[in-house]
Amino acid sequence: MPPTLANGKICYVEIPAADVLRSVAFYKAVFGWQIRRRGDGSTAFDDGVGQVSGTWVTGRAASGQPGLLVYIMVDDIAAAIDAIIAHGGEIVQPVGANAPEITARFRDPAGNVLGLYQERG
């Protein structure tokens, strides 16, 4: 199914990367993102449901302190945390800090801080 196209939709994300191949491996292993080569030769991704795409960019500082904070939805936050740690990331805010919401924050191998979100129930 093609992505939803509508005014106001968040559609594209650029993620700073010190090493694009390391970032690709991390996001593919942890979140199952689909990786592809863009027409200009750069490496791009599509999220787990094909609704948001983006790329990794070098030469840009990592987003190491939450300002704008992007959350990635997961089915099982405990399993996602285990995968993050196993693939070179670290947890910077454990589950429970935003209770009753089920969230956590992690730092990817490039130093970017992003959030995890699991639906309750």
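The values are calculated or read from the model by the stated rules, or taken from the named source; none is laboratory data. In this text, all values refer to a predicted model and were calculated from it rather than measured experimentally. Ideal geometry is used to build each Cβ from the backbone, glycine not excepted, and the neighbour counts take in all protein chains shown. The area values use the complete protein model at the heavy-atom level, side chains included, leaving out ligands, DNA and RNA. Shrake-Rupley method; radii C 1.70, N 1.55, O 1.52, S 1.80 Å.
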**Prompt:** For segment 21-33, does any single residue satisfy the condition of being touching a Pro at 6+ places or on another chain (Cβ under 6 Å) and of a type outside the set (D, E, K, R)?
**Reply:** yes
**Message:** Scan segment 59-69 and tell me whether some residue there is surrounded by 14 or more Cβ atoms within 10 Å (Cβ to Cβ), under 11 Å from the mean Cα position of the chain (by Cα) and not aromatic (Phe, Trp, Tyr).
**Reply:** no
**Fill in**
Going through segment 1-25 in order, the residues found to be crowded, with 16+ Cβ neighbours inside 10 Å, among the β-branched types (Val, Ile, Thr) and outside any helix (DSSP H, G or I) are Ile15
**Message:** Being at pLDDT below 95, open to solvent by 40 Å² or more (accessible area, probe 1.4 Å) and of a type in the set (Gly, Ala, Ser) is the filter here; which residues of segment 26-48 pass it?
**Reply:** Gly39, Gly48
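Per-residue answers, yes or no, for (1) within 20 Å of Pro16 (Cβ to Cβ); (2) polar (S, T, N, Q):
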residue: Gly32; (1), (2): no, no
residue: Asp40; (1), (2): yes, no
residue: Ala61; (1), (2): yes, no
residue: Ile85; (1), (2): no, no
residue: Ala99; (1), (2): no, no
residue: Asn112; (1), (2): yes, yes
**Prompt:** Of all residues in segment 59-75, which are out of contact with any helix residue (DSSP H, G or I) (no Cβ under 9 Å at 6 or more places or on another chain) and touching a residue at least 40 places away in the same chain (Cβ under 8 Å)?
**Reply:** Arg60, Ala61, Ala62, Ser63, Gly64, Gln65, Pro66, Leu69, Val70, Tyr71, Met73, Asp75
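Let's see how each residue does on (1) without any contact (Cβ under 8 Å) to a residue 24 or more places away in the chain; (2) more than 22 Å from Gly8 (Cα to Cα); (3) open to solvent by 20 Å² or more (accessible area, probe 1.4 Å); (4) part of a strand (DSSP E or B):
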| residue | (1), (2), (3), (4) |
| --- | --- |
| Gly50 | no, no, yes, no |
| Ala78 | yes, yes, yes, no |
| Asp82 | yes, yes, yes, no |
| Ala97 | yes, yes, yes, no |
| Leu116 | no, yes, no, yes |
